Amino acid sequence: MNANADERPDLAVATEANRVALFFADGAPGKFVRKGDLATEGAPNTAVANGDLNRDGEDDLAIATGEPGKISVVPNYREPSTVGVGGQPRSVAIGDLNADGRPDIADANGDSDNVQVLLAAGKEGGFTNRPVSKTSAALRSQLRSAT
């Protein structure tokens, strides 16, 4: 991710204090400096992923907030919005899960031992929930049928 558009990789780290800490590369290889935090709502964050969710050419964040039924989406490191999910999110990933050319979100739920898939839909940055599956073969089948 490149939060400050300087062409050097930066880091976003989920913290226990309802924040995501941003660390910017500081020139020296492997050296990062904490440059600020993004506030999130709910329980302590458990995971963060980055990708261009709204396809504007800039990185966005998806955050597993630890709050039952919610993840946060932060476009361009600005104001977070809440996206409803099933279960208690523990981990989150961004990728084109159904091969339609748009980034999707997957979250692993700690309380139900399953994965929730949020497929990109409608306006850029919007998502629709897909059925939850516990097996990779069933999940692949569900994703293929959603395209």
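Looking only at the range 13-34, residues that are within 22 Å of S81 (Cβ to Cβ) and in contact with a Phe, Trp or Tyr (Cβ under 8 Å, 6 or more places away or on another chain) come to 2 in all. Of the residues P29, P89, the single one that is farther than 19 Å from N129 by Cα and modelled with pLDDT under 90 is P29. Mind telling me which of the residues L11, L22 ends up being open to solvent by 30 Å² or more (accessible area, probe 1.4 Å) and more than 20 Å from F127 (Cβ to Cβ)? Only one candidate passes the filter, namely L11. Would you call G66 within 17 Å of T128 (Cα to Cα) and modelled with pLDDT under 85? When the stated conditions are applied, G66 does not pass them. Filtering the range 32-58 to residues that are open to solvent by less than 60 Å² (accessible area, probe 1.4 Å), assigned to a strand (DSSP E or B) and at pLDDT 90 or above leaves V33, A47, V48, A49, G51.
If you go through the range 16-54 and pick out every residue that is free of Cβ contacts under 8 Å to residues at least 12 places away in the same chain and β-branched (V, I, T), you end up with 1. Would it be correct to say that N4 is in a loop (DSSP other than H, G, I, E, B) and not β-branched (V, I, T)? So N4 fits the description; yes.
With a requirement of 1 or more residues that are within 19 Å of G51 (Cβ to Cβ) and at pLDDT 85 or above, the strands (runs of 3 or more DSSP E) lying completely within the range 95-147 that satisfy it span 104-109, 114-120. Taking first residues from the range 94-119 that are closer than 15 Å to V73 by Cα and without any contact (Cβ under 8 Å) to a residue 60 or more places away in the chain and partners that are among the basic types (K, R) and open to solvent by 10 Å² or more (accessible area, probe 1.4 Å), the Cβ contacts under 6 Å between residues at least 6 apart in sequence or on separate chains come to V117/R130; L119/R130.
The values are calculated or read from the model by the stated rules, or taken from the named source; none is laboratory data. All of these numbers come straight from a predicted model, not from anything done at the bench. Note that each Cβ is placed from the backbone with ideal geometry, even for glycine, and that neighbours are counted across all protein chains shown. Only protein heavy atoms, including side chains, enter the accessible area calculation; ligands, DNA and RNA are left aside. Shrake-Rupley method; radii C 1.70, N 1.55, O 1.52, S 1.80 Å.
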